[in-house]
Amino acid sequence: MSRIRLYLDEDTMKGALIQALRNADLDVVTVTDADRLGYPDEEQLIWAVEQGRVIYSFNIRDFCKLHADFVVEQRNHAGIVLAPQQQYSVGQQLRGLLKLAADKSAKEMVNQLVFLNAYVEKII
């Protein structure tokens, strides 16, 4: 089972999160690493597809639309993970993304739209 490889867009690039994911041996590339800062969301998703990477973003509206467009056009993507901006701490995002990576293989993520809240434990 091959692990998912993440591509973090501009919204999700927190240094502490990136370092923690890498320390956990998750393959992570950011838009800065890929020299793709400022590219439109569709181009980011296409690049992620070409690299076999699951994109992680806070841009729920645009990526939900892109996912729907890909489905209608019968185009594949490597997966999309979305979370509301400012809702989760870096620690919660880390734990959620690690749970997701433990739960789903790269193959299982193909064409999937996943909301991080399904993998983040609620703190009461």
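Here the condition is being at pLDDT below 95, more than 13 Å from LEU6 (Cβ to Cβ) and crowded, with 18+ Cβ neighbours inside 10 Å; of VAL120, VAL90, it holds for VAL120 alone. Among the residues of segment 1-17, those identified as closer than 15 Å to TYR88 by Cβ, under 12 Å from the mean Cα position of the chain (by Cα) and in a helix (DSSP H, G or I) are ASP11, THR12. If the condition is being part of a loop (DSSP other than H, G, I, E, B), of a type in the set (A, V, I, L, M) and either at pLDDT below 95 or over 21 Å from LEU113 (Cα atoms) (or both), then segment 18-38 contributes ALA24, ALA34, LEU37.
If you filter segment 52-64 down to residues that are of a type outside the set (S, T, N, Q) and touching a helix residue (DSSP H, G or I) at 6+ places or on another chain (Cβ under 9 Å), you find that the one that is surrounded by the most Cβ atoms within 10 Å (Cβ to Cβ) is TYR56.
The values are calculated or read from the model by the stated rules, or taken from the named source; none is laboratory data. As the structure is a computational prediction, the values presented were derived from the model and not from experiment. Positions of Cβ are generated from backbone atoms using ideal geometry, with glycine treated the same way; all protein chains shown enter the neighbour counts.
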